[in-house]
1. Is there a simple number for the mean count of other chain Cβ atoms within 10 Å of the Cβ of residues in A:49-58, and what is it?
2. Counting helices only, and only those DSSP H runs with n ≥ 4, report the 222 nm mean residue ellipticity of chain B as the sum of -39,500 (n - 2.57) divided by its residues, in deg cm²/dmol to the nearest 500.
3. What is the order of B:152, B:328, fewest Cβ neighbours within 10 Å to most?
4. Using the number of other C-beta atoms within 10 angstrom as an exposure proxy, rank B:148, B:67, B:139 with the fewest first.
5. Would you please give the FRET efficiency between residue B:209 and residue B:331, computed as 1/(1 + (r/R0)^6) with r the Cβ-Cβ distance and R0 = 56 Å, to the nearest 0.05?
6. So if I take the centroid of the Cα atoms in region B:249-326 and the same for region B:353-392, what is the distance between those two points in Å?
7. Cα centroid distance between region B:144-186 and region A:164-183, in Å?
8. To the nearest 0.05, how large is the calculated FRET efficiency for residue B:71 and residue B:361 if R₀ is 51 Å and r is the Cβ-Cβ distance?
């Protein structure tokens, strides 16, 4: 069969295949039309009656399986694992793992969260909301450090480390003394200064009405102008947010996708913003002094930590090879110029 | 032109003109300019003057796309918007957050029509970045005060009866930068932490029936699988009312940005309670007071105390056209269009004011009117170049009327950050351009 005849064959088959169906449909329509008025016409079933209370879908799950994910802590101490940590040990850990963003005294670097201070500022024009001045429960602190900190290595801390860092942040807020040791047993004795500063949402709190005419005096309308401290986002922000040069460059550098993903997840936060003195990706001047060292030294610094940078950027789970590959990737961002 | 005969030159110019026909007028001007520079730059294009003044794709000319064949099927196996829509994207404001991992981007509301936000444009909010989860390795565990602790894989969740509902989703910080004064020069930035999608999934009440909640179970901790382990305490009443465990969005699998493979959806409530990348639900007798319901997402009042569990997004509205991004272009008739929404139910109506709230007139609602969903309103205006102070004021089926800024500020001061649902003002100038404004007495 040549192509043309094949096509004709298919089309004609379709034509014949359709014929009887069309006729059948006409028959059905006729049947509907003859239903006597007053008789219930066949209608869609909107509710199925024979359903069970539940479907027995889902597998039973053993307590030890749940335990791996069950990380939450409550103000009454529910969920706290056995353990303890001192303010002293907490300070050591905090300096290594937290201070690069939160500052040595909890004052917060750049825009990163302040953890301490701000007592009595909640009624001021510019309140400072910190763990000490605002958070109602110490359990929130333990829970959050445990589940989400350090920012680049969530759920990497041992329970005793979480106790210690929690103790130290409480100490920074003058809630405990410098010789304090926080334990599962004494945890619920901690009372936070602002514990009673919260009440359940009581909105609606406004009662506007649908006034339609002469609702206000037109002559008294003036504009509220932006105070000096506000920052206007001018039309520049409306333009397409262009890929930053460094990011565009990163795209041009050939890199193993797994290495890139790990860089993005573990390193980028500091090395794209330069916080804690981190040399910035693709910024030559940040790397020039480092480039004078031999590569082995740069690897060692990344593996063991240097200044504010913790060993492996706080990701002790990473293999040495991965960390070295990331170093190579970062170096290539300045080598390629 | 060096090295070309006059005839070659003519032919070359003709070819370039022809090849550039598909470009728009601005691109074409650039293209021809570059091409001219490349071939020597000494000769003016013979017909270029005419070609540049008016597109040859407009009548009476037959456009180029009608004189040739287009691309074949599957050129784009997953379709995408026209290249002429490349500015319709999510955007962020750099100074809002210290980094872009725990941050937010906004929906380009000024470019959207109807009530559905396309999946690629729904605003993003991450507390620990955007995870990429293999659904085969994702599980949902439900445990705590239940008769039968259970673990579900994605296939099992999809065997349960599903529901499909259109609901808005809004970050409670939407417009939170504007408490003290107007700051954002654009609708995308004043109201863009807002989206509205068709969500499909299993009612949370259906899943709770599978595990059998014990009578003491009053709260549920919902927790994400992302690097922030994002968690919120949800009251049992909401869980049994209309909460959904969602796996599809606007007909396709939930987008990663929205919590792939599953998220919680609490209709009408502040967005962060609708935990994305949901991995665990624990039933308890009390709330957990986690970070995102104490340190954040609580509303600081002038007396120094704070509202907690302020879940509902109250009735709100905004005019999307005109707006700073969509100015009037010349006098004549325009459709003033906008969106209204309420976390408490259906929108009952919207009024608009042209004079800064002195007088108001009803703006008809149009299209679908669904509970806890964006609702469109529209008003035809014959604009003759007069300056306007344009406002919209919505009310919902509970009788709640969207408040003025003054009413909100009087009660809440300037530091409550969240839930700013005040009547919004666009100042329209005599040349048609539009600016974000706030007025002293409303």
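1. Working: counts 0, 0, 1, 1, 3, 9, 7, 3, 12, 16.
What the average comes to for A:49-58 is 5.
2. Values: 8 runs with 68 residues, N = 442.
Using -39500 (n - 2.57) per qualifying helix, the result is -4000 deg cm²/dmol.
3. So the residues, fewest neighbours to most, are B:328, B:152.
4. Details: B:148 14, B:67 10, B:139 20.
Ranking B:148, B:67, B:139 by Cβ neighbours within 10 Å, fewest first, gives B:67, B:148, B:139.
5. On the way: r = 61 Å, r/R0 = 1.09.
Plugging the Cβ-Cβ distance into 1/(1 + (r/R0)^6) gives 0.35.
6. First find each Cα centre; the distance between them is then 27 Å.
7. 36 Å
8. Working: r = 48 Å, r/R0 = 0.94.
Rounded to the nearest 0.05, the efficiency is 0.60.
Values quoted throughout were computed directly from the atomic coordinates according to the rules given, and no laboratory measurement underlies them. Predicted model only: the values in this text are computed from it and were never measured. No Cβ is skipped: glycine too gets one built from the backbone with ideal geometry, and neighbour counts run over all protein chains shown.
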